[in-house]
Amino acid sequence: MDWNQQVFELIDMRSFSNLWYWIALAVLWSTSSHWVLGVPYDMIRRARRTGGEAAEDVADLLRINARRYLYIARVSGLWITGFAGFLLSTLAIIGFHYGNEFSQAVFLLFAPMTLVGLWSIRTARIYERGGHRAEALYRLLTWHRLGVQLLGIVSIFVTAMWGMWQNMSIGALGG
């Protein structure tokens with residue numbers, strides 16, 4: 001038995017039948033919907049409910065993160081877009097044309113995250129343009145979170161359907 005075969009037996013490369021893939025998918029979407037432009041959603045709710053220092057903290061965190069996201073988008077957005085497009089198209093071709101399940105799984109994780117990134121930049125631009133006061137700011141962040149959650153629901157559904165299709169096509173024991 002050679003080294004490669006031992007590694008591939010130890011690490012199951014059939015992603016959709018691997019419990020760790022589904023745990024990673026759940027953690028990815030849970031984290032993405034909890035952190036709204038770098039601000040934890042529980043802070044946003046507390047600021048909306050109590051105001052005061054909590055509201056100042058949310059405004060400060062949002063201002064810092066929105067500027068940071070927009071700076072990165074303006075300075076290196078073209079490079080990031082090119083690299084992400086290359087990576088996603090490579091994963092899609094290797095995964096769906098050549099039938100590599102690992103590439104399919106990674107594509108189904110990364111493709112929706114690019115949409116979350118674009119949505120975040122859009123929300124940061126809306127924030128930058130408008131001088132949002134407390135309630136309008138909380139509404140903007142809540143709508144952003146709702147959009148991420150809806151995208152997560154659709155993404156998890158598509159991933160689950162594709163994963164079940166792969167598992168039924170290949171068989172439970174990989175045969």
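The values are calculated or read from the model by the stated rules, or taken from the named source; none is laboratory data. None of the values given here were measured: they were computed from a predicted structure. With ideal geometry, Cβ positions are generated from the backbone for all residues, glycine too; neighbour counts draw on all protein chains shown. The protein model used for the area step is the full one, side chains on, heavy atoms only, and it has no ligands, DNA or RNA in it. Shrake-Rupley method; radii C 1.70, N 1.55, O 1.52, S 1.80 Å.
A compact table of results
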quantity	calculated
Virtual spin-label span in nm between Arg49 and Asn4, 7 Å along Cα→Cβ	5.6 nm
Percent accessible area from carbon and sulfur atoms, the chain, protein chains only, probe 1.4 Å	67 percent
Calculated FRET efficiency for the pair Trp119/Phe86, C-beta based, R₀ 22 Å, to 0.05	0.55
Kirkwood Rh (inverse of mean 1/r, distinct Cα pairs), the stretch 80-175, angstrom	15.5 Å
Residues of the stretch 83-156: accessible area per residue with a 1.4 Å probe, Å²	58 Å²
Estimated FRET transfer efficiency (Ala134, Arg74; beta-carbon r; R0 25 Å; 0.05)	0.35
Nonlocal amide H pairs with Val36, under 5 Å, H built at 1.01 Å	Tyr41
Cα gyration tensor shape for the stretch 24-72, rounded if a/c is under 1.5, else prolate or oblate	oblate
Sum of side-chain charges, Gly38 neighbourhood, beta-carbon under 13 Å (Lys, Arg +1; Asp, Glu -1)	+2
As computed over the chain, the Cα convex hull volume per residue (Å³)	142 Å³
Inter-label distance for Ala26 and Val158, nm, one decimal - labels placed 7 Å from Cα along Cα-to-Cβ	2.2 nm
For the stretch 89-134: span of alpha carbons on each principal axis (Å, largest first)	51, 16, 8
